[in-house]
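As structure tokens, the structure follows; a few thoughts come after it.
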Amino acid sequence: MRRLPIITYHGVDYFIDERLQEFRSNARPIEPIEFIPFNSKKGRTMIKEEKLFPFFESGI
């Protein structure tokens, strides 16, 4: 089974799901899961701030 890569953004761990084109927070038992599409404003900001450009082939 392949594991999804993880980044930490502002103290929160996020899975990078290329298949679904989204970041997904690594949910703690009391926190809801946050889904952030790559092509959303926050998603594009995360990609730029974390320097993930080489990771993505879609040119977001």
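Sparsely packed loop sites in the range 18-53 (the GluC sites (Glu not before Pro) outside DSSP H, G, I, E and B with at most 15 other Cβ atoms within 10 Å) comprise Glu18, Glu34, Glu50. Backbone amide hydrogens, once placed in the peptide plane, bring Tyr9 within less than 5 Å of Tyr14, excluding anything fewer than 5 places away on its chain.
Listing Met46, Met1 from fewest to most neighbouring C-beta atoms within 10 Å gives Met1, Met46. Adding -39500 (n - 2.57) for every DSSP H run of four residues or longer, then dividing by how many residues the chain holds, sets the calculated 222 nm ellipticity at -4000 deg cm²/dmol.
Along the range 18-32 the Karplus relation, 6.51 cos²θ - 1.76 cosθ + 1.60 evaluated at θ = phi - 60°, assigns HN-Hα couplings of 5, 4, 8, 6, 8, 9, 9, 5, 7, 4, 8, x, 9, 10, x Hz to successive residues, with x for each Gly and Pro. Between Phe38 and Glu22, Phe23, the built amide H atoms are under 5 Å apart, and every one of these is 5 or more places off in sequence or on another chain.
For log10 I(q)/I(0) by the Debye sum over Cα atoms at q = 0.14, 0.16, 0.18, 0.28 Å⁻¹, which listed value, [x] -0.41, -0.51, -0.61, -1.06; [y] -0.31, -0.40, -0.51, -1.28; [z] -0.36, -0.47, -0.59, -1.37, comes from the coordinates shown? Here the calculated entry is [z].
Rule-based calculations on the coordinates, nothing more; no lab input. Since this is a predicted model, take the numbers as computed values, not measurements. Positions of Cβ are backbone-derived with ideal geometry, glycine not excepted, and every protein chain shown enters the neighbour counts.
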